Amino acid sequence: MKNLPIGTQSFETLREEGLLYVDKTQDIHRLITGHRIVFLSRPRRFGKSLTVSTMDAIFSGRRDLFDGLWIYDRWDWTRTFPAIRIDWTLISHSTPEMMERDMIAVLKKKAEDAGLTLVRESASGCFSELIEKLHRETGEKAVILIDEYDKPVTKCCCWASLSQGRKSGTGWR
């Protein structure tokens, strides 16, 4: 009997450590071959990060991780796509300036990992430049994978609720 992957959000770790994985690769294959843009909205702790991690492994051509799974002999593993995976838990949401600074740092690190250098100075500029350079470098369209997309929204909404509650005397206790 395989161990449960409690708290494991990395597909690579899950597979390499032989943890239990319910094969969702047929559904993921349908998503990535049948749609240009996919937005997954599920409750917390419902597997969004694991799904993003699984897609990252597929687009990166990590066939070794998919042995025994539905997608193993149904995907062209010789064709890889540059994946830009952004995890919003790694980006500060304290102020707009800190968020911009952290986003630029994340994008420049992704570029560095791909052997590229970004020269633009805004987050949106770096993002565009990274996509363009990855496409030029590989000849493939870049895949954008965004994880924990709700983090900035929930953090800002919580701050607003807390500050409003303090003003009105009805804040969280």
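The values are calculated or read from the model by the stated rules, or taken from the named source; none is laboratory data. Everything quoted here is computed from the prediction, not taken from an experiment. Please note: Cβ atoms are built from the backbone with ideal geometry, for glycine as well, and neighbour counts cover all protein chains shown. The protein model used for the area step is the full one, side chains on, heavy atoms only, and it has no ligands, DNA or RNA in it. Shrake-Rupley method; radii C 1.70, N 1.55, O 1.52, S 1.80 Å.
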Confirm whether THR13 is within 19 Å of the chain's Cα centre (by Cα), part of a helix (DSSP H, G or I) and within 22 Å of ASP113 (Cβ to Cβ).
yes
Unmet requirement for GLY61, which otherwise passes all of (1) surrounded by 16 or more Cβ atoms within 10 Å (Cβ to Cβ); (2) in contact with a Phe, Trp or Tyr (Cβ under 9 Å, 6 or more places away or on another chain)
(1)
Would you mind stating whether HIS93 is more than 20 Å from THR13 (Cα to Cα), of a type outside the set (Phe, Trp, Tyr) and surrounded by 10 or more Cβ atoms within 10 Å (Cβ to Cβ)?
yes
Out of everything in the stretch 19-53 that is in a loop (DSSP other than H, G, I, E, B) and of a type in the set (Val, Ile, Thr), what residue ends up being least open to solvent (accessible area, probe 1.4 Å)?
VAL38
Going by the structure shown, is TRP70 out of contact with any helix residue (DSSP H, G or I) (no Cβ under 6 Å at 6 or more places or on another chain) and aromatic (Phe, Trp, Tyr)?
no
Check on GLU16, touching a residue at least 24 places away in the same chain (Cβ under 8 Å), of a type in the set (Asp, Glu), closer than 22 Å to VAL143 by Cα and surrounded by 10 or more Cβ atoms within 10 Å (Cβ to Cβ)
no
Can we say TRP77 is touching a Gly at 6+ places or on another chain (Cβ under 6 Å) and either within 27 Å of THR138 (Cα to Cα) or open to solvent by 80 Å² or more (accessible area, probe 1.4 Å) (or both)?
yes
Quick one: would you say ASP56 is part of a helix (DSSP H, G or I), open to solvent by 30 Å² or more (accessible area, probe 1.4 Å) and under 19 Å from ILE131 (Cα atoms)?
yes
Residues being more than 25 Å from THR138 (Cβ to Cβ), assigned to a helix (DSSP H, G or I) and not polar (S, T, N, Q): count how many of those fall in the stretch 89-123.
7
Sole residue being over 15 Å from GLU148 (Cα atoms), at pLDDT 85 or above and of a type in the set (Lys, Arg), chosen from ARG85, ARG74:
ARG74
